[in-house]
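Novice: Okay, here's the structure, questions in a sec.
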Amino acid sequence: MIGHLYIVTAPSGAGKTTLVRLLLANDPAIRVSVSHSTRAPRVGERDGLEYHFVGVHDFLEKVRNDDFLEWAEVHGNYYGTSRSGIETDLLAGQDVLLEIDWQGAQQVRAVFPSAIGVFVLPPSLDELERRLCARATDSAETIARRVAAAREEMRHVAEFDYVIINDDLQRALQDLLAVVRAERLRYAAQRQRHAILFEATTR
């Protein structure tokens with residue numbers, strides 16, 4: 001059985017990382033793909049868990065070797081998803097989730113057109129800015145740049161299958177869980193998962 005590939009995208013500060021962490025805690029059947037990144041680790045982040053942290057030279061070498069399913073430069077840093085890791089997991093029937101931006105989503109869908117796209121939106125740009133300020137990890141200039149980038153990223157929301165407005169974390173989590181459950185209940189997925197039952201109904 002081929003696993004499902006989920007793509008979760010959101011502007012910085014919309015709550016994507018928290019939502020995905022809660023999803024994984026509630027649904028152990030999904031595995032998150034750990035991307036490569038050239039950005040510096042934030043406080044508490046560990047290599048191999050949040051990201052595979054690599055230098056720019058090593059990252060670009062992987063690009064030249066076509067090791068990434070998708071990659072992009074975001075806010076001055078590079079991010080990429082391992083091609084072989086995703087393909088291996090899906091062929092083994094493992095559901096995989098990618099936390100990537102809209103550019104990466106386009107690249108992934110060119111290879112996996114059946115990937116399920118979910119875009120997480122903040123309730124407003126004002127709220128997004130407030131959340132970014134509350135992090136206390138970025139300068140005012142960086143926050144202004146992220147808000148401007150978010151406005152542009154949100155123009156691509158129509159390219160995704162599902163949209164979740166994260167104005168209440170628990171409600172947003174239930175919406176994300178509902179997306180996963182609905183995709184697993186599609187006819188093609190159920191026919192793969194319960195092949196013997198479906199064969200019996202056609203005899």
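Novice: Which residue pairs have Cβ atoms under 8 Å apart, sit 6 or more places apart or on different chains, and have a first residue in segment 149-168 that is touching a residue at least 40 places away in the same chain (Cβ under 8 Å) and a second that is assigned to a loop (DSSP other than H, G, I, E, B) and of a type in the set (S, T, N, Q)?
Specialist: Correct list of pairs: A149/S12; A150/S12.
Novice: Given the criteria within 23 Å of P11 (Cα to Cα) and of a type in the set (K, R), does R181 qualify?
Specialist: No.
Novice: Exactly one of (1) among the aliphatic types (A, V, I, L, M); (2) part of a loop (DSSP other than H, G, I, E, B); (3) over 30 Å from V179 (Cα atoms) is unmet by M1. Its number?
Specialist: (3)
Novice: Check P113 against each of (1) open to solvent by less than 60 Å² (accessible area, probe 1.4 Å); (2) more than 27 Å from D168 (Cα to Cα); (3) not in a helix (DSSP H, G or I) and name the one condition it does not meet.
Specialist: (1)
Novice: Only one residue in L173, L128, L177 is under 26 Å from L69 (Cα atoms), in contact with a helix residue (DSSP H, G or I) (Cβ under 8 Å, 6 or more places away or on another chain) and either at pLDDT below 90 or open to solvent by less than 30 Å² (accessible area, probe 1.4 Å) (or both). Which one?
Specialist: Within the list L173, L128, L177, the selection yields L177.
Novice: Going by the conditions given, is V163 under 14 Å from the mean Cα position of the chain (by Cα) and closer than 19 Å to T18 by Cα?
Specialist: yes
Novice: Looking only at segment 35-48, which residues are at pLDDT below 90 and under 24 Å from I116 (Cβ atoms)?
Specialist: Scanning segment 35-48 gives a single hit, S35.
Novice: Output the qualifying pairs, or none if there are none: Cβ atoms under 6 angstrom, residues six or more apart or on different chains, first residue in segment 22-36 and more than 22 Å from Y79 (Cβ to Cβ), second residue modelled with pLDDT of 90 or more and not in a helix (DSSP H, G or I).
Specialist: A29/D95
The values are calculated or read from the model by the stated rules, or taken from the named source; none is laboratory data. Please read these numbers as outputs of a predicted model, since none were measured by experiment. Virtual Cβ from ideal backbone geometry, glycine too; neighbours counted across all protein chains shown. Side chains are part of the model used for accessible areas, which takes the heavy atoms of the whole protein and leaves out ligands, DNA and RNA. Shrake-Rupley method; radii C 1.70, N 1.55, O 1.52, S 1.80 Å.
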